[in-house]
Each structure stands twice: as structure tokens, then as C-alpha cells.
């Protein structure tokens, strides 16, 4: 009986310790099952949410800690960046945390709002505007002048992704233009000349039609309509919308431009690739470029498709296996979307000074170019090392061509959702391009009011 | 007459057996085909993963993906972390659930019903609106990037379901045995551990499985609160195989197949307790 | 009291803040990053009810919640019945049936998305072999998108129901069944008069839990359709997510959450008295009969 009592008490104690640990906090840190290095980050976490003042006075011997967040694909570069930075600035201890793209923005927002913001945060161009509108990111004009960076040192399209109301909120380190992949073998089979940069749209459509052979699962082109990957849809539509002279918003960003004749024309051209001419795969309405269209191109099922640099670098393997030749050129039409990843400094970053030093270090051409993960946005870095490889030639031409981007307004995410919902309605035949554009415009205008 | 009856019942039984078998086969196929697909994908090389004519049998068979997972030190560390945290949180959650359910089932105190109902209602709060408040609470407790933080989280996420289910089972138990024990001089804890726990063993095993799976598969909370690679669980590490240029299907599938092995082992152990109830069932009543 | 303490403390500790926050945010305008609130009365509610899409979203949510609950329970029940029979090989079956539950949801949803893919998906490839007309754009057409995801979602969840029911079935004393059989009841009657009544309580509980689970869950929908095409598969959980983390509009997200809770509490108030009446009769007498010496 006594033993039973003991076990009972022990179990209860276990549970109580847990809930008590939660109740009074400070002692919990000592509990046995904690990893060693967690203790370090904890003291930082304890800092009051609002104590924004950076503790720059790195007293002798004690290193100031700074944290930077990046996408998971940077993981292999972390040791090099950390060693290089700490060598240059020995007073700092740098932690680079790599996060998966799944729920990246949620993680960032939660950390910032929870008073635990990283000092430097890498964001996709489309992720910048909404947080700026909600005061979650700090202006970086001072950084630019302090460290002697000029806007014209960056790929122009990429740079524009970080400027709102003439203020720099984000500094691009990566430019991510899409080139157009084409399957030479399919062109040869159809007896067609290879596409060239900025192919006129009517010629593009004609070519795509001739290349399509749906019964064999081969299509002339691929568009993306997936709600799960909105950035891909904007890329896919953008090139046609802008080339036809349309846009999402008016230039002053106060009203929708989706109901202008030009925009309707653009949406019509894009959607009719699916609804009328059927030159794109059947599942397009739910496809993303990266997850669905690129694999189809790798199988030799797509004659033309937008392609990113990472996918291009592994395309040869697939071409060899599936027996086709391929090449790339600049997208059809006159305009294309400029995409970028940029460095930002969140509100509540504990060490702005350290963050700026790190970002400056990161942008140094020889540091930035010393990797083959992403295309550098700093122009000087673009002519170093692997980036002069002929593979990227088409991408640099595409980069120069890509000047348009979605409007940098805090409401962009909502606008984007309205637009993609409307586009899907057109693709599934529930609305005509005219009607859909009209109702998109009404909704957007309601939002901007 | 008797013969006829026998004949009838045996043919009836045959129909019943057939029906059960068909149902069983359907359920197995439905459960397993997507998994077989995962296994087969994990054995394909990168260039043949996403073929236009998908094949169930990999050709050629390659173990490269498994090798890649095994040599990925972050991945292996995550495996260990997940096992640690899942076992720990399974124990804690199950103990708390049994205690709570027993308390709610056998004692009435002012507000007990309200408390019980509100525990269930916490499930109604959408996760996304919980993220920021949870993060702030955990961070105020200094539990970001700690196992304790994760265990506490899983406890809170899973406990409503566990308590309600446990309570259902305990409610169904006859009181007489417990009363007899009380007469014999057992106190409440002794009754719980000596009498109640053995009687609801199958339910405890099931609730333990529920808690285990919860901490095994949870993605969003650990992504936010256990970013540090020293404690990062495997569900988060898996997401590293999905990036903006697409999904690395081969390695992703290899890792998830590997990941399901410990869970299946845990299940077969827990199942023994559920099935053990089968033979003891007669004694129970 | 002591028994309940740990769970109560954990829940109160973690839940008080969110509940206060949701309630407060529902009636306020929020300024980030410090969540400064200014009271705006019912503005948030008006704003939500003025949205044209809400009707469809509520309808989708009901379809999603009810259909996936029914499918999960039916599948789980069938699996439990099958597993209960003592055939050889049932152990293997049991392990197989648990697999969907073991697969992490991030993998499950991506795999199902791939299986459903219109052009190179496994499902369409198989269907085309049978008859090319059977192939469909499962996730890309309004008529099939929601149902397709519901099937995947039920796949991932039914093993849990199965387990719970098997555990409950173990609790039915064997002699009841034996006695009924001796009295000449066929297996259908045994099921109807012995098995089903003893499972009633746990079944009710599972149905309530699955219903609550379904309302907010959106992970699979997010990966597989993102709510599309159009808003054909958008459910309320997805909408809340969109407002909170895409638009960083925590006020609207909280207001919708608040509304869900209110609606559910009302539903619960109607449901509980009705079901509790029947159950508590016997319980009450027993409960009164037991007295602890301590505590």
C-alpha cells in the first residue's frame, strides 16, 4: 500500500512540477531535459517586448548575439557565412536560422509580434508590403546611406520590390527572374523555329497551338492558377497582363485597374490559353509552376514554360533521361515580373546595428556570389564565379527584361486573393474575363476605400 | 429441422465472412495505397519520380534517398528529438488525462461541469488565432526552444480530447469494485491505480496513442517554438525537403517512411494492451 | 479536486490569454506591433456580415464538417467491426489501417494532391486505363474539389475512430453477447441490441469531437486546393487563416473565431440537456452511492 501511495505521489509531483514550472517560469530553465544551447537564447527571449534599444556596448569578452532568418535552401551556406562574418566582426556571435518555406511568413510574424523578432529577416518581395503596412518592418534608408549602398548597385526590378512610398524598407540580395524553357525536340518535331526573346504574343499563341498534342499529354505552354502558390499565379499572369498594357492597380495605387480594356485583354489572353485554345495542361487551374509544371517539362510534356534558375540547373539530367534537347530564352511579350528576396530589419529587432553590419557583409559581391543557390541581386556580384556560366545567360537577359511587379500596397495580399479567385472562376468557366475583371475591380475598390 | 437450421446458419456465416473480408480488403487498400505510393516513390531515382505514366513498381530501384536521409545529420538529430519529446509528452499527457478524467468522472465540485465543458471548448479556438498568444505565453515562461515548452504545448493541445475520451470510459465502469476497495481502506489514489487503471487499460493505450501521434506529427507549433536544430522535431525537418523550387519527393518520402517505423512499433506495443482487454473482457463485467 | 488540478492549471494557463484576446479583438481596431486596441463596437461584425463570400464559406464549412465527420465515423466503425472479428491476419489489417494516421499531414496532403493531379496523377492514370472518360480534374473543378479533399481528410482521420471504438468494444462483457446468442439472437441482433447501445456514449463523444475538429481544420485544404477553384472549397478555418496571417488582420480573424464559439455554445446548450437527460438517470444514483474517506 505504501508503495502505491508513493507512485501516486510521484506521478502527481511530475505533473505538478510541469504546471508549476509553467506557473512561475524562472525556475523552469533548470529542468533537466533542456538542451545546452537553448539556455543562451532564453535570456534574450526574456527581454521585455518593448525594449527596442539595442545593446551595442559589447563589453570586453562578451559577444553580442545577432540572429538572422533565411529560407531552408540556405542551410548549406550557413557555416561559411557565420565564419566569415564573425571573422570580420569578432564582437558578434551570429546565428542564422533556416526555416522551411512552409509557413515561413507565419513564423516571422509570430516572432515579431511575440517580442522575439530576429535582427535580420529575409523576405520574398511579395511578403514585404503587408508587414510594412502593419509597422512590422523598419525603414532601411539609413542603412543604405550609412554603408554607402546606392539603389543602382542592385538589379533594378529587384530593388523596386523593396521601396514603398519612396522609402527603402527592404534591400534585395537575390533576383529571381524566370526565363522561358523550351523543348527543342518538340519544336523540331513540329517543324517550328525555336522561340526568341520577347516573342510577340500572337506568334506565341500560334506556336503553342501547333505544339499541343493533348492525346499524348503534350502541351504547348503551362500556366499556373494554384491558390496555394499565389506568387506563381502572379508570375504566370503578369507577363501577359503587363504586355497587353494592363495592371492590377492604377499608378497611384488608389484604385483597381483590373477593369480597364487592357487588363481584360490580358486576362482574356491568359485564360483562353486554357478555356479556348487548350494549349496548357488540364489541371492548370490547380497547378503551381514549381510543383507541377516544371516536373511536366522535365518529362518532356511541355514545349514552353517559365523556369527558375534552380530548376534550370538540374534540367540536363531529365533531358538526358527523357531524350530531349532544351534551351531557354526571355518570356514572350514585352514585360515580365521582377521577383526578389530581400533583407529586412523587423520592428523590435534587438540589435539593429549588428543586423546592418550583417546585411552589409552579406551583400559584399565576393560573399554574395560565393554560392550557387540563388542569383545575386547586387550587380557587381553577377559577373563573379558561377554566375558567368552560360546556363545563366538567358536569366540575366530575363532579369534585364523583368521590370514590372505587383503594387506594393499593404492590401496586396487581399487584392491577390481577389484576383486569383476571379481568375479561377474564369478558368473553370464560371465567369467571362469581362465579368470577372469587373467584379474583381469592384471588390478591390471596396477594399481600397 | 435441426440440420436445416445449421445449414442455414453456416451459409449465413459464409456470407458474413465474405462481407467482412471484402470490407477488410477495401479498408486495407484504402489505407495502404497512398502509403505504398510513398514507399515506391522513396525507392525511385530523382529523374523517374514524377513520370508522366506513374508506375507503382520503382524501376530501377535505388536506395539513394534513404542514404541521403541517413547521412543528413540534422534529420537524424530530429529523429532523436522527436522520439524524446513524443515519449515524454505521451507520458505526461496520459497521466494528466487519466487523473483529470477520473476526477471529473467521480467527483462533483462546484463548477466541475462548466470546467469540463470549457476544456472541450478550447478545441474550438482556431489554431491560427492561438499562435501568437501561445507564443507569447511560452516565451514569458522562458520555454521557447525547450522540450518542456513543447511538452506543455502538446499537453494543452491534446488534453481536451484525451480527458473527454477517458472520462467516457471511466464513466462506464461499475462503481461497486471501487466502493469495495474504499471499504478495504484504499485511498483515492490507490483506487485509481489499483482498480481503475487496469480496468481501462485499453482506453489508456488508445489515449496514449493519440497523444503520441499528436506530438509525433505536429508541425506548426514546433516550427514556431522549437526552431533550434538542437530540439527541432522531424515533422519540421521534413518541410526542409519542400522548398520554393519544388518538392524533393524521393527524400521526403524516404524520410516519412522511416519516420513512420517507430510510430508503428509504438502502436504495436500499445495495441497489445487494447487486445489484451479482449481476453479479460469476460472478467470485467 | 487534486486529480483535476493539473489539467485545469495547464488549460487555464494557456487558454485564458487567447480567450481574452479573441474577445477583446472582436470589438476593437488593432494596431500592430503591440496590439494596441481601440474599441469600435460592432464594426468588425458588420464588416464580416457585409462580405458576399460568407454565405458560400459557411455552406462549405457545413459540408466539410458534416461530411468528413460522417465519413470518418463510418469508415472507423466499419474498420472496428472488421477488426473485432477474430480472423487470422487481422493483426496485419490493424497495422495497415493505422498507417494513414502515422503519416505526417504535410506528407499526406502533398501525396494526395499528387494522386489527384489531373494530368499525371495516379488516380487519373488508373481511371484512364479503365475508361478515358472517367478521368477528371478532381481538385480543379468546383463540383469535385471539396469532396476530393474530404476523402483525403477522412483517410487521415478514421484510424483514430477505429481505435477508440475497438477499445470501447473490448469493454463490452463477453457474457452479454454469449447470453444473447444462447437466447437465439443472430449476429445482427447482437449488434443492434448489445454492441450498439454499449457504444452509444463513446460514439456520441467521438461525433462531437470530430465535429469540433472539422470546423477549424484546414491544413489539407490549404495544400490541396487553397480554397479553390474560386471559393468552391473555402472553409471558415481557411478564411480565418487568410485574415490572420496573409492580411495580418487579427481583428477580423478574432471576430470570426468569436462568432464560431458563440454559435457552438448555443448549439451545445441545446444539445447537452437533451442528451444528458437520458444518460444521467442511472449515473446519478451511483454517484450518490460512493463516498470517499479522504479528500
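Convex hull volume of the Cα atoms in the stretch B:72-284, per residue, in Å³?
With only Cα atoms used, the stretch B:72-284 gives 145 Å³ per residue.
With axes computed from alpha carbons, what is the tilt in degrees of helix A:201-211 against the longest principal axis of chain A, rounded to the nearest 10 within 0 to 90?
In chain A, helix A:201-211 runs at an angle near 90 degrees to the longest axis.
Give me the one-decimal nm value for the distance between modelled label points at residue B:183 and residue B:74, 7 Å along each residue's Cα-to-Cβ direction.
6.4 nm
Relative contact order of chain A, please, whole-number percent, based on alpha carbon pairs below 8 angstrom and at least 6 residues apart.
For chain A, the relative contact order is 24 percent.
Give the angle, between 0 and 90 degrees and rounded to the nearest 10, that separates the Cα long axis of helix A:104-113 from the longest principal axis of the Cα atoms of chain A.
Once rounded, one gets 40 degrees.
So in the protein assembly as shown, what percent of DSSP beta bridges are antiparallel if you round to the nearest 5?
If I count the DSSP bridges inside the protein assembly as shown, around 70 percent turn out antiparallel.
I'd like the distance separating the alpha-carbon centroids of the stretch A:372-449 and the stretch A:316-357, in whole Å.
Taking the Cα centre of each part, the stretch A:372-449 and the stretch A:316-357 sit 12 Å apart.
So for A:335, B:218, fewest C-beta neighbours within 10 Å to most, what's the order?
By the 10 Å Cβ count, ascending: A:335, B:218.
For residue C:46, project a label point 7 Å along Cα to C-beta. Then give me every residue of the stretch A:404-447 with its amide nitrogen under 18 Å of that point.
Residues A:446-447 qualify, since their backbone N sits under 18 Å from the label point.
Ranked highest first by average number of other Cβ atoms within 10 Å, how do B:56-68, C:145-157, A:127-139, A:108-120 line up?
A:108-120, C:145-157, A:127-139, B:56-68
Could you please state, rounded to a whole Å, how far the C-alpha centre of the stretch B:251-271 is from the C-alpha centre of the stretch C:237-270?
About 35 Å separates the Cα centre of the stretch B:251-271 from the one of the stretch C:237-270.
Restricting to DSSP H runs of at least four residues, report the calculated mean residue ellipticity at 222 nm for chain C, -39500 (n - 2.57) per run over all residues, nearest 500 deg cm²/dmol.
Only helices count here, giving -23000 deg cm²/dmol.
Which stretch or stretches of the stretch A:315-349 have amide N atoms under 20 Å from the point lying 7 Å from residue A:371's Cα along the Cα→Cβ direction?
Under cut-off, by backbone N: A:339-346.
Fewest to most neighbouring Cβ within 10 Å: what's the order for B:197, B:132?
B:197, B:132
Suppose only helical runs count, i.e. DSSP H with n ≥ 4. What mean residue ellipticity at 222 nm does that imply for chain A under -39500 (n - 2.57) per run, divided by all residues and rounded to the nearest 500 deg cm²/dmol?
The helix-only estimate for chain A comes to -12500 deg cm²/dmol at 222 nm.
Given axes a ≥ b ≥ c from the Cα gyration tensor, I'd like to know whether the stretch B:13-62 is rounded (a/c under 1.5), prolate (a/b larger than b/c) or oblate.
Judged from the Cα gyration tensor, the stretch B:13-62 comes out prolate (a/c at least 1.5, a/b above b/c).
Can you tell me the 0 to 90 degree angle between the C-alpha axis of helix A:261-275 and the longest principal axis of chain A, rounded to 10?
90 degrees
Averaged across B:147-157, how many Cβ atoms of other chains sit within 10 Å of each residue's Cβ atom?
Taking the mean over all residues of the peptide, I get 5.
According to the square roots a ≥ b ≥ c of the eigenvalues of the Cα gyration tensor, what is the shape class of chain C, taking rounded for a/c under 1.5, prolate for a/b larger than b/c otherwise, and oblate for the remainder?
Because a/c hits 1.5 or more and a/b fails to exceed b/c, chain C counts as oblate.
When a footprinting reagent is the concern and you count Cβ atoms within 10 Å, what order do B:72, A:360 take, fewest first?
Sorted ascending by nearby Cβ count, the order is B:72, A:360.
Could you please state, rounded to a whole Å, how far the C-alpha centre of the stretch C:60-112 is from the C-alpha centre of the stretch B:56-129?
First find each Cα centre; the distance between them is then 18 Å.
Other chains near B:213-221: what is the mean number of their Cβ atoms within 10 Å of each residue's Cβ?
Per residue, the average neighbour count from other chains is 4.
So what is the relative contact order for chain C, in percent, with contacts set as C-alpha pairs under 8 Å and at least six apart?
That works out to 26 percent.
Using a Förster distance of 51 angstrom, determine the FRET efficiency expected from the C-beta separation of residue C:144 and residue C:183, and round it to 0.05.
0.55
Can you pull the one-decimal nm distance between simple spin-label points at residue C:267 and residue B:26, each 7 Å off the Cα toward Cβ?
Placing both labels 7 Å along Cα→Cβ, they lie 2.7 nm apart.
Read the figures in this text as sums done on the coordinates, not as results from a lab. As the structure is a computational prediction, the values presented were derived from the model and not from experiment. So basically every Cβ, Gly included, is an ideal-geometry build from the backbone, and we count neighbours across all protein chains shown.
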